Amino acid sequence: MQRRFSSVVLIALTVLFAGSAFAGELQAGGAVTGSSADYYGQLINVITGNWQEYGQLFTLLQSQWFSKIFLVVITAVPAVFLLHYLIIGAKHFDHDGEQIYFFSLFARIVHFVAAISFSLLVITGLMIIFGSFFGGGMIIRTARYVHLVSAMVFALPGLLMFVMWLKEMLPQFHDIKWIFILGGYLSKKKKPVPAAKFNAGQKMYFWFATLGGGIMAYTGYIIWGFGATVDTVRIYTMLHNALGIGIVAFYLTHVYMSVFAIAGSLESMKTGYKPKDEVDILHSLYKY
Amino acid sequence: MARLKFLCDTERCIDCSGCVVACKEGNHVPVGVNRRRVITLDSGKPGEKSISVSCMHCADAPCIAVCPVDAIYQRDDGVVLVNKKTCIGCGYCFMACPFGAPQFPKGEVFGARGAMDKCTFCAGGPEETFSAEEKHLYGQNRIAEGKVPLCAGMCATKALLAGDADVVADVYRERVFQRGSGSNAWGWSKAYDKK
């Protein structure tokens, strides 16, 4: 147990150090020599950091790519799931038979708080990205405030989930098999899939949400207060947006799986119980 | 229509910061915001040079490209302006700007940045010209009055030029010619100047 905690602290420290290393760059005036071109070159470095390297890249990504990629993610991912729902359909399990206690009350409360704040983060984040669609102004400004408050709320359950489920979320050999058959979701047959308490998909989402969430929280904190040199802020903003793409994709997947793809599976996060029928198929390696 | 541009002659700028004060005072710029500032390199050493920097009102301005709420726009005369009622204070324009022009007042809720404030070329804002609201949000509209921006108007050494790009360029070309500043070609000063 102690070992697990120290590894968490170690990861947090690594993230912090990586951040301060970036902040150490820049701020080098140097003697002005040579032509006026050299002079302007030095001057611009003092004013706006290494614009050629990071400012230009940020401008390109933010003006051309981020919103387009996000648009593709929030349309294509649900479209694929709609097709899945129509062609293959939801998996149904016998909810009247034997039940297995799967999530403790503590886990459920933590997950519930995380779910609300994380959903708000995704929604307000997307609102900011598509701000021009809503016309900007007060509504998007409010979305930014909600984004910040939700991030602060998510921090605690995010950390608790990380510690609580870390052992079960570590990658295992059978996860590769799970990925190869895509968790059996492409077939209507109920064949036991190789997964213990959490399947490979859940594990990927877990790492995106906790470790990725930690990176999002730290970069977001720096972006919010401009707490570093402009080059660092540029890098963090690009990181924040790029990671956000993956997180939104997995968030949509998680919502589809829990609400639609496995009928009634949302109940287990409310009551704590999963039908034995469901566990034997979808979490066949789980020992109860 | 004429294209409006700024030009700061570094051979003439003496770091008096008169342009900064004139702008801040004349436009009632929010606390913590300077639309213009003077930057000095090699202060106190031989070859010290200063330049007054603000928004350059770029053609193909990166701030306009990155704004997620389309709050920034460009007039036909090249002046880039922000609509403070649309701006959400995300700061992307600051990250995209090659001149560090966009500024943000502090003191909003949760320490958030307020609406972006930057040089308007003394051309007011999107509100009705000469209205009280325009003056309150964006400062004077001297362009509509037929005057040059405050900073350039009061510059004691006439280092800072503002106005029709063709006229500004002519004035500067004349100065460079009279000064005989050398070729300014890349590498010449390093290669041929005798120490």
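The values are calculated or read from the model by the stated rules, or taken from the named source; none is laboratory data. Computed from a predicted model, the values in this text were never measured in an experiment. Cβ placement follows ideal geometry from the backbone for every residue including glycine, while neighbour counts extend to all protein chains displayed.
General observations
- Screening the candidates A:Leu83, A:Leu120 for the property of being within 24 Å of A:Ala261 (Cβ to Cβ), out of contact with any His (no Cβ under 6 Å at 6 or more places or on another chain) and surrounded by 18 or more Cβ atoms within 10 Å (Cβ to Cβ) yields one hit, A:Leu120.
- Of everything in segment A:56-79 that is within 13 Å of chain B (Cβ to nearest Cβ) and of a type in the set (S, T, N, Q), the residue that is nearest to the chain's Cα centre (by Cα) is A:Ser67.
- Restricting segment A:145-187 to residues that are among the β-branched types (Val, Ile, Thr) and within 18 Å of the chain's Cα centre (by Cα), the residue that is nearest to A:Phe112 (Cα to Cα): A:Val153
- Here segment A:26-48 is the region considered, the condition is being outside any helix (DSSP H, G or I) and within 9 Å of chain B (Cβ to nearest Cβ), and the residue that is modelled with the highest pLDDT is A:Ser35.
- Matching entry among A:Ala209, A:Ala196, A:Ala155, A:Ala242 (being among the small types (Gly, Ala, Ser), within 30 Å of A:His92 (Cβ to Cβ) and surrounded by fewer than 18 Cβ atoms within 10 Å (Cβ to Cβ)): A:Ala196
- Listed by position, the helices (runs of 4 or more DSSP H) contained in segment B:119-193 that have at least 2 residues being in contact with a strand residue (DSSP E or B) (Cβ under 9 Å, 6 or more places away or on another chain) and more than 14 Å from every other protein chain (Cβ to nearest Cβ) are B:132-138, B:150-154, B:165-179.
- Leading residue by the ranking (nearest to A:Gly55 (Cα to Cα)) among those in segment B:85-119 that are touching a Gly at 6+ places or on another chain (Cβ under 7 Å) and charged (D, E, K, R): B:Arg113
- Test result for B:Val29, touching a strand residue (DSSP E or B) at 6+ places or on another chain (Cβ under 7 Å), more than 28 Å from B:Phe110 (Cα to Cα) and at pLDDT below 95: no
- Unique residue being surrounded by 13 or more Cβ atoms within 10 Å (Cβ to Cβ), modelled with pLDDT under 95 and more than 27 Å from A:Gly55 (Cα to Cα) when the list is B:Leu150, B:Leu137: B:Leu137
- Some residue of segment B:173-185 being touching a helix residue (DSSP H, G or I) at 6+ places or on another chain (Cβ under 6 Å) and under 28 Å from A:Gly49 (Cα atoms): yes
- The criterion of at least 2 residues that are away from chain A (no Cβ under 14 Å) and free of Cβ contacts under 8 Å to residues at least 60 places away in the same chain is met by the following strands (runs of 3 or more DSSP E) wholly inside segment B:1-113: B:80-82.
- Taken over segment A:128-143, the criterion of being facing chain B (nearest Cβ under 7 Å), under 18 Å from B:Gly114 (Cβ atoms) and over 18 Å from the mean Cα position of the chain (by Cα) is satisfied by A:Gly131, A:Gly136, A:Gly137, A:Ile140, A:Arg141.
- Neighbours by Cβ (under 6 Å, 6+ apart or cross-chain): first from segment A:247-260, closer than 16 Å to A:Trp207 by Cβ; second hydrophobic (A, V, I, L, M, F, W, C): A:Ile247/A:Phe208; A:Val248/A:Val73; A:Val248/A:Val122; A:Ala249/A:Val73; A:Ala249/A:Val77; A:Phe250/A:Phe208; A:Tyr251/A:Val122
Here's the yes/no breakdown for (1) within 21 Å of B:Cys97 (Cα to Cα); (2) surrounded by fewer than 19 Cβ atoms within 10 Å (Cβ to Cβ); (3) not small (Gly, Ala, Ser):
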residue	(1), (2), (3)
A:Ile223	yes, no, yes
A:Val233	yes, no, yes
A:Gly246	no, yes, no
A:Tyr273	no, yes, yes
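- Filtering segment B:2-53 to residues that are under 18 Å from B:Ala123 (Cα atoms) and among the acidic types (Asp, Glu) leaves only B:Glu25.
- Selection status of A:Gly136, surrounded by 19 or more Cβ atoms within 10 Å (Cβ to Cβ), more than 25 Å from A:Glu267 (Cβ to Cβ), of a type in the set (Gly, Ala, Ser) and without any contact (Cβ under 8 Å) to a residue 12 or more places away in the chain: yes
- Matching entry among A:Tyr185, A:Tyr218 (being in contact with a helix residue (DSSP H, G or I) (Cβ under 7 Å, 6 or more places away or on another chain), farther than 26 Å from A:Met269 by Cβ and more than 14 Å from chain B (Cβ to nearest Cβ)): A:Tyr218
Residues checked against (1) in contact with a Pro (Cβ under 6 Å, 6 or more places away or on another chain); (2) at pLDDT 95 or above:
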site: B:Cys63; (1), (2): no, yes
site: B:Val66; (1), (2): no, yes
site: B:Leu81; (1), (2): no, yes
site: B:Phe99; (1), (2): no, no
site: B:Phe121; (1), (2): yes, yes
site: B:Leu161; (1), (2): no, yes
site: B:Arg175; (1), (2): no, no
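- Residue in segment A:188-208 that is more than 19 Å from A:Phe162 (Cα to Cα), among the charged types (D, E, K, R) and in a helix (DSSP H, G or I) present: no
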